[in-house]
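Notes for the one structure printed next.
The values are calculated or read from the model by the stated rules, or taken from the named source; none is laboratory data. Bear in mind that the values here come from a model prediction, so they are computed numbers and not experimental data. Neighbour counts run over all protein chains shown; Cβ positions are idealised from the backbone, glycine included. Quick note on the areas: whole protein, heavy atoms, side chains included, nothing else; ligands and nucleic acids left out. Shrake-Rupley method; radii C 1.70, N 1.55, O 1.52, S 1.80 Å.
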Amino acid sequence: MMSLQDGFRPTIRRLRILVPPVWPVKVRSLPLTHVDGDCTFLHESKSGPHFSIRVNSKIAEETRVSILIHEWAHALSWGSGTHRIRDHGPEWGLAMSRIWQALVED
């Protein structure tokens, strides 16, 4: 069973295997000043279309894992990145549920 204490990097690896979004995801942990984390779809990138997730490295590991899961749900719910949906609407809630179900059952 997954725990928020499993660690940031192991959780990234598990998410990539268990619940991969349509496009690749690049995750960075770095000092952020105004947010704890964010997810962006970059369709015109040198490395090709992908989701970029940033998580604030200044916060506790367990909180970073929680934020990573939250932002990963955005990548899942946005699908192809071709249309925007409400950030925390029903699609996001279903994606969050799918992630937790996969992590707990793993």
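In the assembled protein chains, TRP92 presents an accessible area of approximately 40 Å² (probe radius 1.4 Å). Accessible surface computed residue by residue for the chain, with neighbouring protein chains in place and a 1.4 Å probe, gives 58 Å² per residue.
In the chain, helices alone account for a calculated mean residue ellipticity at 222 nm of -14000 deg cm²/dmol, with every DSSP H run of four or more residues adding -39,500 (n - 2.57). For the stretch 1-81, relative contact order (Cα pairs under 8 Å, six or more residues apart, normalised by length) works out to 37 percent.
Please work out the FRET efficiency for the pair HIS43 and LEU94, using the Cβ-Cβ distance as r and a Förster radius of 22 Å; give the result to the nearest 0.05. Between HIS43 and LEU94 the formula returns 0.40. Taking the DSSP bridge list for the chain and keeping only pairs wholly inside it, about 50 percent are antiparallel. Hydrophobic long helices, here whole DSSP H runs in the chain with Kyte-Doolittle means of at least 0.0 and Cα atoms spread over 18 Å or more along the helix axis, are found at 90-105.
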